[in-house]
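Visitor: Mind looking over this structure? Questions follow.
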Amino acid sequence: MPNKTFLLTGLLLAAIGGCAVEQGAKQGAEDGEKEYTTVDLNTLPAQTDRAETAGAVAEPELALEEIVNSAEPRMSRPRSPQVASDHAAKTLVLPAPMPRPQEVDRENYLAMEDNPVKRAAEHPVSTFSVDVDTAAYSNIRRMIMREGRLPPGDAVKAEELINYFSYNYPVPTDTRQPFSITTEVAPSPWHAERLLLQVGLKGYQPATDNPPPANLVFLVDVSGSMQSPFKLELVKRSLRMLVNEMSARDRLALAVYAGAAGLVLESTPADRKLEILNAIDALEAGGSTNGGAGLQLAYNTARQHFIDGGINRVIIASDGDMNVGVVNHEQLKDLIRKNRESGIALTTLGFGTGNYNYALMEQLADVGNGNAAYIDSLKEAHKVLVKERHSTLHTIAKDVKIQIEFNPAQVAEYRLIGYENRLLRREDFRNDKVDAGDIGAGHTVTALYEIALVDSAGIQIDPLRYQQGERIAPTSENAELAFVRLRYKQPDADESQEVAVAVKAASIRGDIRQASANLRFAAAVAGYAQILRGGIHTGEFGYPQVAELAREARESDPNGYRAEFISLVELSQSLAQNLVQR
């Protein structure tokens, strides 16, 4: 009898409790005063014991998705009724989070106007510094592929998009002339009455099994602005990949800057990988950004361990958002220029979104005889710091300038595509005191001019009244369209050397499809860049034509970079269509 009493009592209590829960839930739904989110305690990520991984030397294969997923909630699988019942005791009901304020885009790009069309009779000479930076391409790729938006026009630099890709130019065999020069002319794909003149350089590629010893100082921004999976976390993973490629002849130091600057790791032989990797893993973000103090510390460290005949370089990893300390950019440039002259180069690696200061990062690298890259993924870090590390670190020529003299008897007009902030005065070409761009081992550099021949229908500017004299005979195959001059200095020299080549009319292809894959793919990238910048020069040539031209010129693509470009173009077309439909 007592057992029956207890059983009846239990059933009665359970019924009352169930009614209460049902009534409470009904009342909450009717009130509608607050929204709540259910947080599943069983799905919260477990903390990782850092001690388990602190000593790992081998870097596992990594994917960008690992970084993304680590910052996103995971969906849990549906549970059976029994599991759900057991799980209910561990479930909390919390107020829904407040909506996050929309981040203000503070990214900084240098405002640029496209190069104008020039008449060869009035301005026959075009002079510019080479540019091997690639930051613009990976940066706009981030905007399009990750953020689903088209980039602002000033973020698009045609030469950096073109030079992101390698081209199959002849390879020089002697360091005494570390370049090959290739020229080609074919009809412009966006205007049948104009031509594209391609000038291509290929740098000497030293043996990769015995590179010069390297003295590297990484200067890492650990300020509060770097607290993001795509910033400091990506920096650390990128550095780990480079460390695993370095040899016992190399040295690496690790300096940081935030509210103050500090040396996390003294210059250390690269075969002490465990010590270096542990220092990298210990980096954490916090504070404001004193870039000037950190840069001075990095240069002092590089100078103390300078390697004669080796690679001496400071590499900045930052979003470029410097807000305390030396914020006068001209003072920073003076500091960089002084150390450049003493043999210590500077490379900048940009990270992150929202406050990325592209303009500053590019300018610092230019003054520092280095290159600027933007790291939007581990794949890009692998490209810059592993596959192309010799090009990134090993300079084979400095102060490289190109000057093209157009023959006004054959060429009526020309327009340089890109290189807007690399233009030099005509007299700067032979002035060895004027700084210009440097080229790394194996680098390719490509420049494209759109030209209109005399008496062609592609001429855009009316001739001057008093220059309309005798008519020019039609272009013959032996006629010279232009004369290309190249000046450069050996890495340890103060005086320039010069090479030159003539561009003959015989090199003109009858159709763009008869041109080399080098010219056709470069033309596709140039067309794409101009479309993103507003398309004022490309007429009806749009994204579909870009993709088709690039697809036909893809050829050998072992790393998939050209295939990715085609996908980028197709996605840009979809985004552009969405903008039109709004």
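Just so you know, all these numbers are worked out from the coordinates, no wet-lab data involved. All values derive from a computational prediction rather than experimental measurement. Here the Cβ positions follow ideal geometry from the backbone for every residue, glycine too, while neighbour counts run over all protein chains shown.
Visitor: Could you work out the local net charge near Val117, counting Lys and Arg as +1, Asp and Glu as -1, over the other residues with Cβ closer than 13 Å to its Cβ?
Guide: Charge balance near Val117 sits at -2.
Visitor: Only bridges whose two residues both fall in segment 214-393 count here: according to DSSP, what percent of them are antiparallel, nearest 5?
Guide: 20
Visitor: With a 10 Å Cβ neighbour count serving as the proxy for reagent exposure, in which order, fewest first, do His394, His123, His305, His443 appear?
Guide: Fewest to most other Cβ atoms nearby, the residues stand as His123, His305, His394, His443.
Visitor: If you don't mind, there's one more thing I want to ask. Averaged across orientations, what area in nm² does the convex hull of the alpha carbons in segment 214-393 project?
Guide: So the mean shadow area of the Cα hull is 8.6 nm².
Visitor: Could you calculate the FRET efficiency of Ser247 with Lys379 from 1/(1 + (r/R0)^6), where r is the beta carbon distance between them and R0 is 25 Å, rounded to 0.05?
Guide: Approximately 0.55, to the nearest 0.05.
Visitor: Let me ask something else. Rounded, prolate or oblate: which fits segment 510-568 when a ≥ b ≥ c are the square roots of the eigenvalues of the alpha-carbon gyration tensor, with rounded for a/c under 1.5 and prolate only if a/b beats b/c?
Guide: It comes out oblate by the Cα gyration axes.
Visitor: Then there is this: Describe numerically, in nm with one decimal, the distance between label points set 7 Å from Cα along Cα→Cβ at Ala409 and at Asp494.
Guide: 4.2
Visitor: Now a separate question. Less than 13 Å Cβ to Cβ from Gly320, Lys/Arg counted +1 and Asp/Glu -1: what total charge do the surrounding residues give?
Guide: -3
Visitor: Fully extended, how many nm does the chain gain between Leu579 and Ala207 (0.36 nm per residue separation, minus their Cα-Cα distance)? Can you show the working numbers first?
Guide: On the way: separation 372, 0.36 × 372 = 133.92 nm, distance 4.93 nm.
Extra length available between Leu579 and Ala207 comes to 129.0 nm.
Visitor: What is the gain in length, in nm to one decimal, between Ala192 and Ala282 on full extension, counting 0.36 nm per residue of separation less the C-alpha to C-alpha distance?
Guide: 26.6 nm
Visitor: Taking 7 Å along the Cα-to-C-beta vector as the label spot, tell me the Arg554-Asp271 distance in nanometres, rounded to one decimal.
Guide: My value for the distance between the label points is 4.5 nm.
Visitor: Let me ask something else. Would you work out if segment 210-305 is rounded, prolate or oblate? Take a ≥ b ≥ c from the square roots of the eigenvalues of the alpha-carbon gyration tensor; rounded if a/c is under 1.5, else prolate when a/b is larger than b/c, oblate otherwise. Mind showing how you got there, number by number?
Guide: On the way: a/c = 2.33, a/b = 1.40, b/c = 1.67.
Since a/c reaches 1.5 but b/c is at least a/b, the shape of segment 210-305 is classed as oblate.
Visitor: Name the residues of segment 492-535 whose amide N is less than 15 Å from a point 7 angstrom out from the Cα of Glu480 along the C-beta direction?
Guide: Flagged as within label range: 499-507.
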